[in-house]
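Working notes, structure below.
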Amino acid sequence: MRAWLYLLAAAVAGAVITTPAVLVYVLGGGTVDDALFASLATLMLVSALAVVSMRDIIRCGLAMIVCFLALAGIYVVAGAPLVAAAQVIVYIGAISVLILFAIMLTQSKAGPSSLVFQTQAVPAAVAAVVLAVLIGLGVTATDWHEVGERVRLATSELANVLFDRYVLPFEIVSVLLLAAVIGGVFIAKREEEPD
Amino acid sequence: MANSLDAYLILAGALFAIGTFGFLARRNAISMLMSIELMLNAVNLAIVAFGSFIPDLKADGSVIALMVMAVAAAEATVGLAIVIAIYRNRKTPLVDEYDAMRR
């Protein structure tokens, strides 16, 4: 009985994700890139909504992995494949695992899992919708003067810029990461019991 | 659709708004950190979109996006360490019970 429910849920999820692609590609006459973009954008928004609204926080973390994966696909469509690879390595490989570990360390079974939202959840939802509408209006009303065609960035070109003009920020970021790792270990370390 | 800057920016705005809602509405500290990650990713998407559509920013957009990722990793490390340290003292992950400085 349970297995049928899971199969049904998987079928519904697949339909939700493929429908925009089919709509754009077949009915809208878009290109393959358009179909991919529509499908990945739908997957990303749905899983982001799941991250902020599901009750079980482990499932929130898993939905976050799906969201990051869809975002990596959007980076590929946008023409930045190295950023997509870094997204998979850094976010899915490192940050998601870190967050899942922290979830497992901090969730006590006695905790009230039903009380997920603060009391200000409804005003927060209104504020978020207003923010989204404002950003959308601002984006569509602005005339981006220098917009050209979408270009695919070659990795060698990116490497030339990164290790030539941006080499000092690159080194500073590496020092920042080292400091953050040491600080994280120091903060999370269990303090010794005073004798 | 995939060839217009507006589509990417509106998508980034929607993701940022979802992250804002999660940050304001969730009670669990780790949920709030996850919402912050969503907002950082939305900004990253906007940066990458600008980089790939504006010829002058061609490589700079990707470089800045990579830097943002590194800073986000540092933020996640320190933030989760703080959450774990607080959890060890207060035995709860819910932020509205962290009221030691209000009483």
In the range B:5-97, with Lys and Arg counted as +1 and Asp and Glu as -1 at Cβ, which of these residues, B:Ile86, B:Asn41, B:Ala14, has the Cα nearest the positive end of the dipole, that is, farthest along it? B:Ile86
Longest span of chain A, sites excluded, free of chymotrypsin sites (Phe, Trp or Tyr not before Pro) in DSSP loop with at most 14 other C-beta atoms within 10 Å? A:1-143
Please find, in a Gaussian network model of chain A (springs between Cα atoms separated by less than 10 Å), the residue of A:Ala84, A:Ala180, A:Ala127 whose mean-square fluctuation is greatest. A:Ala180
Could you give each residue of the range A:38-53 its phi-based ³J(HN,Hα) in whole Hz, using Karplus coefficients 6.51, -1.76, 1.60 with θ = phi - 60°, and x for Gly or Pro? 4, 5, 5, 5, 4, 4, 5, 5, 5, 6, 5, 4, 5, 4, 8, 10
Quick calc: nm separation of the 7 Å Cα→Cβ label points for B:Ser4 and A:Ala141 -> 1.8
Assuming R0 = 25 Å, what is the FRET efficiency of A:Leu168 and A:Phe101, from their Cβ-Cβ distance, to the nearest 0.05? 0.15
Project the alpha carbons of the range A:1-84 onto their principal axes and report the range along each, largest first, in whole Å. 40, 30, 18
On alpha-carbon atoms, Rg over Rh for chain A using Kirkwood Rh? 1.03
Could you pull out the trypsin sites (Lys or Arg not before Pro) across the range B:1-96 that fall in loop regions by DSSP (anything but H, G, I, E, B) with no more than 15 other Cβ atoms inside 10 Å? B:Lys91
Per residue of the range B:26-40, what does 6.51 cos²θ - 1.76 cosθ + 1.60 with θ = phi - 60° give for ³J(HN,Hα)? Whole Hz please, x for Gly and Pro, Karplus curve as stated. 7, 9, 7, 4, 6, 4, 5, 5, 5, 5, 5, 4, 4, 5, 4
Test item: Cα-centred dipole of chain A, Lys/Arg +1 and Asp/Glu -1 on Cβ, debye: 680
Quick one: what does P(r) look like for the range A:126-195 with 10 Å bins over all Cα pairs, in whole %? 14, 16, 19, 32, 12, 5, 2
For the range B:5-97, count all C-alpha to C-alpha pairs, find those more than 21 Å apart, and express that count as a whole percent of the total. 42
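Here, each number is a calculation from the coordinates, and none is a lab measurement. Fair warning: this is a prediction, and the values are worked out from it, not measured in the lab. All Cβ positions, glycine included, derive from the backbone under ideal geometry; neighbour counts span all protein chains shown.
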